[in-house]
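Values quoted throughout were computed directly from the atomic coordinates according to the rules given, and no laboratory measurement underlies them. Since this is a predicted model, take the numbers as computed values, not measurements. Glycine gets a Cβ as well: all are built from the backbone with ideal geometry, and neighbour counts include every protein chain shown.
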Amino acid sequence: GQNIDQPTEMTATEGAIVQINCTYQTSGFNGLFWYQQHAGEAPTFLSYNVLDGLEEKGRFSSFLSRSKGYSYLLLKELQMKDSASYLCVQDSNYQLIWGAGTKLIIKP
Amino acid sequence: DAGVIQSPRHEVTEMGQEVTLRCKPISGHDYLFWYRQTMMRGLELLIYFNNNVPIDDSGMPEDRFSAKMPNASFSTLKIQPSEPRDSAVYFCASSGEGALGGYTFGSGTRLTVV
């Protein structure tokens with residue numbers, strides 16, 4: 001994706017914690033989305049960060065640093081169903097700049 | 001609400017044929033987006049509408065692609081003539097004013113052109 005960097009693939013163990021990092025270009029920034037996409041399905045909304053800091057939503061948390069052009073998605077108490085691609089998406093005036101996604105593989 | 005509804009779910013067609021993909025956005029949403037997803041290029045925005053008016057079609061790959069939104073509850077993406085390289089999953093998404101709720105995607109149309 002244009003100007004979005006995130007790892008291609010990560011592997012983690014069931015029950016553990018994993019952090020998926022994302023960097024983006026700071027120009028034209030309105031906010032930062034994280035989407036989850038299971039294989040063969042549509043992306044589903046996880047979070048939207050506008051201000052700096054950590055936002056927690058159950059087992060998932062998302063962090064944003066606007067000055068650094070950096071975000072991460074933190075997944076706790078991993079479950080097998082969390083195996084999916086996680087897409088970092090920059091909101092730039094109703095145009096979304098999509099990262100290529102991080103494929104997260106959960107092992108028992 | 002039934003969410004964003006796309007049809008068909010799967011489409012297999014021969015090269016050169018016309019393909020029409022359909023989308024019904026969530027009622028009340030002002031924005032409608034057409035995306036294409038492939039393994040090689042990820043998610044690409046093709047075109048988006050605001051209040052039924054096309055705002056940005058710079059992502060439409062070429063003149064073979066066209067999109068319309070005749071009213072607030074219906075949009076089409078047409079490919080004529082189709083080519084094998086058009087094979088992809090095509091997603092429609094809609095959103096209301098403001099982005100805090102995120103964009104809601106339809107289930108997608110998996111297009112295969114042989």
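3J(HN,Hα) along the stretch A:74-80, derived from phi through the Karplus expression 6.51 cos²θ - 1.76 cosθ + 1.60 where θ = phi - 60°, amounts to 10, 10, 9, 6, 4, 10, 4 Hz, with x in place of Gly and Pro.
Here the ratio of the Cα radius of gyration of chain A to 2.2 N^0.38 Å is 1.00.
Using the Cβ-Cβ distance between residue A:59 and residue A:5 with R0 = 30 Å, the FRET efficiency computed as 1/(1 + (r/R0)^6) comes to roughly 0.75. Normalising the Debye intensity of the stretch B:38-79 to I(0), with uniform scatterers on Cα atoms only, and taking log10 at q = 0.34 Å⁻¹ returns -1.21. Distance between the 7 Å Cα→Cβ label points at residue B:78 and residue A:70: 5.0 nm. Over 26 Å between C-alpha atoms is what I'm after, so list which of A:68/A:103; A:81/B:68; A:57/A:103; A:57/B:24; A:57/A:81 land there. Over 26 Å Cα-Cα: A:81/B:68; A:57/B:24. In the protein assembly as shown, the ratio of gyration radius to Kirkwood radius, Rg to Rh, stands at 0.98 when only Cα atoms are counted. A crude spin-label estimate for the pair residue B:110 and residue A:27, with each label 7 Å from Cα along the Cβ direction, gives 4.0 nm.
For residue A:31, neighbours were defined as the other residues whose beta-carbon sits under 12 Å from its Cβ, and their charges (Lys and Arg +1, Asp and Glu -1) total -2. The calculated FRET efficiency for residue B:85 paired with residue B:9, based on their beta-carbon distance and R0 = 25 Å, is about 0.75. Using equal-weight Cα scatterers in the Debye expression, the normalised intensity of the stretch B:1-100 in log10 at q = 0.11 Å⁻¹ is -0.31. Between residue B:22 and residue A:103, the FRET efficiency estimated from the beta carbon spacing at R0 = 35 angstrom works out to 0.70.
Here's how it looks for residue B:83: its modeled amide H is under 5 Å from those of B:16, which are all 5 or more places away or on a different chain. Relative to the Cα centre, what is the charge dipole magnitude of the protein assembly as shown, using +1 at the beta carbon of each Lys and Arg, -1 at the beta carbon of each Asp and Glu, and rounding to the nearest 20 debye? Computed about the Cα centre, the dipole is about 300 debye.
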